[in-house]
Amino acid sequence: MEKDRKAFEERLEKDRKRSEEELKAWRAEMNKKWGEVTNKLGTFAEDMVVPNIKGVAKKYFGCEDFDFFAVRIKKRHSKDKTKRREFDCIAVCDEIIILNETKSNPKIEYINDFIEVLKEFYDYFPEYRDKKLISIFASMYLSDDLVRYLTKNGIYAMAMKEDIMDLLYLGFIRDS
């Protein structure tokens, strides 16, 4: 009977270890899948915003023909070659550059990060130093507080408006 008990305990321990390993593998797979879903949500928001950039450029800034239009462009800093970043959307037209940052879950921290990027934009794109930079922060929805914060910082807010994406709080467009 003692022999049977030990054999049973050994099988039980092997089963427990196997179950732990299977659970660990399952968790790793689920984490990977959640990461993929999260990334897709981010690109989903960008995919919704980008086509609307062209309409906003034409409607508010008279930009109909682009010299350059790129999505998810990766660029190296011109002065510090160790720095690299991705820009969601850049549209260059005549005398202006429209730089868009899109977030699926907008937060003040993301806006502050964007403000820092704006400060060194021309270090990434020195070829556009002679053009006026117009910055647009976009999401499917932006709260009034975020829109005010963006406007206060000279950044256009873009979100869903009825059935299309459009700029919000347009007062300072005419002033710029």
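The values are calculated or read from the model by the stated rules, or taken from the named source; none is laboratory data. These numbers come from a predicted model, not from an experiment. Backbone-built Cβ (ideal geometry, glycine too); neighbour counts: all protein chains shown. Side chains included, ligands, DNA and RNA excluded: accessible areas come from the protein's heavy atoms. Shrake-Rupley method; radii C 1.70, N 1.55, O 1.52, S 1.80 Å.
Evaluate the following for Asn31: is it within 15 Å of Tyr156 (Cα to Cα), polar (S, T, N, Q) and not in a strand (DSSP E or B)? Criteria not met by Asn31. Taken together, Lys131, Lys103, Lys79 contain a single residue that is open to solvent by 70 Å² or more (accessible area, probe 1.4 Å) and more than 17 Å from Lys59 (Cα to Cα), which is Lys79.
Contact annotation: residue pairs with Cβ atoms under 7 Å, 6 or more positions apart or on different chains, pairing a residue in segment 69-94 that is within 23 Å of Ala45 (Cβ to Cβ) with a partner that is open to solvent by 70 Å² or more (accessible area, probe 1.4 Å) and in a loop (DSSP other than H, G, I, E, B), are Val92/Asp67. Scanning segment 56-70 for residues that are under 21 Å from Pro126 (Cβ atoms) and open to solvent by less than 80 Å² (accessible area, probe 1.4 Å) returns Phe66, Phe68, Phe69, Ala70.
Looking only at residues of segment 7-43 that are under 30 Å from Ser104 (Cβ atoms) and either hydroxyl-bearing (Ser, Thr, Tyr) or touching a Ser or Thr at 6+ places or on another chain (Cβ under 7 Å) (or both), we find that the one that is modelled with the lowest pLDDT is Thr38. Total residues in segment 134-164 satisfying the condition of being surrounded by fewer than 12 Cβ atoms within 10 Å (Cβ to Cβ) and at pLDDT 95 or above: the figure is 0.
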